[in-house]
1. Treating the chain as a set of equal point scatterers at the Cα positions, no solvent, please give the Debye-formula log₁₀ I(q)/I(0) at q = 0.11, 0.16, 0.21 Å⁻¹.
2. Angle, helix 70-90 long axis vs. longest principal axis of the chain, Cα atoms, 0 to 90°, nearest 10?
3. Given points 7 Å out from each Cα along the Cα-Cβ axis, report the residue 36 to residue 121 separation in nanometres with one decimal.
4. Which trypsin sites (Lys or Arg not before Pro) from region 1-53 combine a DSSP loop assignment with at most 12 other Cβ atoms within 10 Å?
5. Rounded to the nearest 0.05, what FRET efficiency do residue 9 and residue 60 give with R0 = 25 Å and r taken as the Cβ-Cβ distance? Could you check?
6. Could you work out what % of the accessible surface of region 21-117 is carbon and sulfur, using a 1.4 angstrom probe and leaving DNA, RNA and ligands out of the count?
7. Accessible area per residue of the chain at 1.4 Å probe, in Å²?
8. Sort 43, 60, 31 by heavy-atom solvent-accessible area, probe 1.4 angstrom, most to least.
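The values are calculated or read from the model by the stated rules, or taken from the named source; none is laboratory data. Please read these numbers as outputs of a predicted model, since none were measured by experiment. Backbone-built Cβ (ideal geometry, glycine too); neighbour counts: all protein chains shown. Side chains included, ligands, DNA and RNA excluded: accessible areas come from the protein's heavy atoms. Shrake-Rupley method; radii C 1.70, N 1.55, O 1.52, S 1.80 Å.
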Amino acid sequence: MKRLPGRRDLLVLAVGLAVSTAGDAAALVVLLLRLRPAGSGWLAALLAGELIPIIVLAGLAGLVVDRFDTRRVLVLALIGQAVLAVPLAVTSSPWATVLLFTGLHALSAVVRPATSKLVPAITGPQSAPRGYAGIATGVSLGWIFGPAAGG
């Protein structure tokens, strides 16, 4: 079997995405449990705050990733997520929870295409499908272990 070019870099990216996805999934479970006493409307708002920014901002996020240095965009988006995660962890307000969580996922709209754009740069065009498979494995593992950690 031929060795995958950029294997170490791809491993770092896949593990980072696994940890990030696990954190997102754990946070979703925790926040749903936190907002449950506030009512089902807040639960629906939280779930909408996870999906709507990614859908609405997909085109803009792709444009940003295409126009600017991908690594720099990715690092800035990840720093922004970390900045939003701190107050999200300590707030008890349903409004603030939904707003911060929505902001976190608005930045995810940038992280996803930036990560996808980096794969062929890391692996080379010929090995990109194997690279994407490694990324998908990391994300899937995050979705497996994250909810268990959050619960």
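1. So the normalised log intensities are -0.45, -0.89, -1.33.
2. The helix 70-90 is inclined about 20 degrees to the chain.
3. 4.3
4. Numbers: sites: 2, 3, 7, 8, 34; in loops: 2, 3.
Passing both the DSSP loop test and the Cβ count: 2, 3.
5. Working: r = 27 Å, r/R0 = 1.08.
According to the calculation, E is roughly 0.40.
6. On the way: 3810 of 5240 Å².
The nonpolar share, carbon plus sulfur, comes to 73 percent.
7. Accessible surface, normalised per residue, equals 57 Å².
8. Working: 43 45, 60 100, 31 5 Å².
The ranking, largest first, comes out as 60, 43, 31.
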